[in-house]
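Below is one structure, written out as structure tokens; comments come after it.
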Amino acid sequence: MTSSAAGGVYAMTDFRITLPCAECVGTGEIENQIAAGDFSISICGLCWGNGFKSHTEMYDCIEDARLDYPNALGIEGERGGRSV
Ligand SMILES: [Zn+2]
């Protein structure tokens with residue numbers, strides 16, 4: 001919870017934005033080539049094997065969030081949330 005020093009006039013809503021992980025492209029695993037024909041699979045350190053990452057951003061409405069993240073896997077409001 002953060003408080004705005006500006007003394008907010010507008011009631012912004014927190015939206016949770018879920019995006020596919022850029023590191024593993026949503027697989028949750030990273031393939032490392034050790035030698036020719038020899039691969040090791042390790043869990044993606046960026047998303048910890050989830051294949052996606054989510055963060056919270058403030059928007060006036062969910063339409064604004066959708067405009068910023070057209071490729072989001074999901075966008076949901078933190079309060080009174082309705083998932084997309
Ligand atoms: Zn990942």
message = Take the residues in the stretch 39-53 that are out of contact with any Asp or Glu (no Cβ under 9 Å at 6 or more places or on another chain) and part of a loop (DSSP other than H, G, I, E, B); name whichever of them is surrounded by the fewest Cβ atoms within 10 Å (Cβ to Cβ).
response = Trp48
query = Quick one: which of Thr27, Thr56 is among the hydroxyl-bearing types (Ser, Thr, Tyr) and assigned to a loop (DSSP other than H, G, I, E, B)?
reply = Thr27
ask   = Looking at this structure, is Thr13 within 27 Å of Leu67 (Cα to Cα), more than 11 Å from the ligand (Cβ to nearest atom), at pLDDT 95 or above and of a type in the set (Ser, Thr, Tyr)?
value = no
message = Tell me whether the stretch 63-75 contains one or more residues that are of a type in the set (A, V, I, L, M, F, W, C), assigned to a loop (DSSP other than H, G, I, E, B), touching a Phe, Trp or Tyr at 6+ places or on another chain (Cβ under 9 Å) and surrounded by 15 or more Cβ atoms within 10 Å (Cβ to Cβ).
response = yes
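Residues are listed down the side, and each one gets a yes or a no for (1) of a type in the set (Ser, Thr, Tyr); (2) away from the ligand (no atom under 14 Å from the Cβ); (3) at pLDDT 95 or above:
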position	(1), (2), (3)
Ala5	no, yes, no
Gly8	no, yes, no
Ile17	no, yes, yes
Val25	no, no, no
Cys44	no, no, yes
Arg79	no, yes, no
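The values are calculated or read from the model by the stated rules, or taken from the named source; none is laboratory data. Because the structure is predicted, anything quoted here is derived from the model rather than measured. Note: ideal-geometry Cβ built from the backbone for every residue, glycine included; neighbour counts use all protein chains shown.
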